[in-house]
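Just so it is clear, none of the values below were taken in a lab; they were calculated from the coordinates. Quantities reported herein were computed from a predicted structural model and do not represent experimental measurements. Heads up, the Cβs are rebuilt from the backbone with ideal geometry, glycines too, and the neighbour counts pull from every protein chain shown.
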Amino acid sequence: MTHPFDTLWINARLVTCNNGYGIIDNAAIASKDQRIAWLGPMEQLPDQARALAPHIIDAKQRCITPGLIDCHTHLVFAGNRANEFARRLQGESYANIAASGGGIQSTVRATRELDETELLQQSLPRAKALMDSGARVLEIKSGYGLDLETECKMLRVAGRIGETLAIPVRRTFLGAHAVPPEYQGNADNYIRYICNELIPLVAREKLADSVDVFCEHIAFSLQQTREVFACAEQYQLAIKCHAEQLSNMGAAALAAEFGALSADHLEYIDEQGVTALASSGTVAVLLPGAYYFLRESKTPPVALLRKHQVPMAIASDCNPGTSPVTSLKLIMNMACVLFALTPEEAMLGVTLNAAKALGMEQSHGSLSVGKCADIVLWDVNHPDELSYTVG
Ligand code: NIG
Ligand code: FE
């Protein structure tokens, strides 16, 4: 007997993420060839369930959501920075530790030392843990190599993570994360190296989809950021930006000027920056894990983002220095408790808006016919429960 669908989930509470939660109660959803082929209330099913699909799963009124999307991670890295965590708790600042050769530089040293297989071995468990929390799409940045060999190694490892786990991985080249030791005191030359050698190579070898810059007084200036964005644009790579995390640099407005997919962090963004994001359709990616772990006190202006209808995504920022977090569910809880997002906004932040932040909203981020059928059946009856429980 031939069936129109491959798998049919019945008696589900569908959290479609179309127009808010977009709940459809007592519903069914069907997949065919890994795409969503049908969804709707049970009573509108076109036939008896057993005639529709060889595999039938009874959701028992529990929630089905789109697979979650972690749209900002640095999960490929070597070692850890627990010693710096201890130093910060003694009162040293993140900026101070970075200035004294720690911070990103210490992870760069460790990451340069490992070969590709070792780096994969250390990084893969973090990707798996994120998947255990519901993630079915990951973004992974380079930025702990800061030289041609190690940046490419990181991006290849990111690609292998996607192949190993059979999930889409979007790769972002973050060569402009910090000035490497070879270019200390000569950031402009490093930017030239990025634009003349690294980005052309990354584009040619198709090692990344996007380019990101850490625009901050402890990293790169607005002008240097502009040069990298202009180069990325020339090579038709999408643009993302670490913007206004520790101070207001005007980076969000610059990202908007370049039509960036997202501007990320944004604790210090002002209304001008917010309106710039609104007019370019750039997604605001909020990273409560870094805010929490750095014990910051300035929260991103969520009310302003709402007022100007800027789509808000949230992400783990999984990294060894500022957010050693591998649970998207924990991030949803933090976004609610620390940034006062509603559980519904948190849900959209790891689904539809996270898809937009990766330029994947045509195929991911909501339960819609034609989109990818990599969906999650949760042991909860209401989607608020996903943000409510801690981790
Ligand atoms: O997103 N802000 C810059 N980059 C990372 C931190 C990197 C690190 O400290 O290793 C972040 O917070
Ligand atoms: Fe980051």
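Count Lys and Arg as plus one, Asp and Glu as minus one, and take only other residues whose Cβ is under 13 Å from that of L52; the net charge is then 0. Once you divide the Cα radius of gyration of region 102-205 by 2.2 N^0.38 Å, the number left is 1.11. The value of relative contact order for the chain, using C-alpha pairs under 8 Å at least six residues apart, is 19 percent. The Cα-based radius of gyration and maximum Cα-Cα distance (Dmax) for region 253-391 are 14.7, 43 Å. For the chain, the longest principal axis of the alpha carbon atoms and the long axis of helix 104-113 meet at an angle near 80°.
Taking the inverse of the mean 1/r over every pair of distinct Cα atoms in the chain gives a Kirkwood hydrodynamic radius of 21.3 Å. From its DSSP helices (H runs of at least four residues, each -39,500 (n - 2.57)), the chain gives a residue-normalised ellipticity at 222 nm of -10500 deg cm²/dmol. Per the Debye formula on identical point scatterers at the alpha carbon atoms of region 115-154, with no solvent, log10 I(q)/I(0) at q = 0.18, 0.19, 0.24, 0.25 Å⁻¹ is -0.57, -0.62, -0.85, -0.89. Protection proxy ranking, highest mean first, for peptides 126-132, 12-18, 92-98, 210-216: 210-216, 12-18, 126-132, 92-98, where packing is the per-residue count of other beta-carbon atoms within 10 Å, averaged.
Taking 4.7 Å between C-beta atoms as the pairing limit, the chain has these partnerless cysteines: C17, C63, C71, C152, C215, C241, C318, C336, C372. From the Cα gyration tensor of region 162-268, with a ≥ b ≥ c the square roots of its eigenvalues, which class applies: rounded if a/c is under 1.5, or else prolate if a/b is larger than b/c, or else oblate? Oblate. The ranking of R226, R35 by Cβ neighbour count inside 10 Å, starting from the fewest, reads R35, R226. Of all DSSP-defined beta bridges confined to the chain, some 35% are antiparallel rather than parallel.
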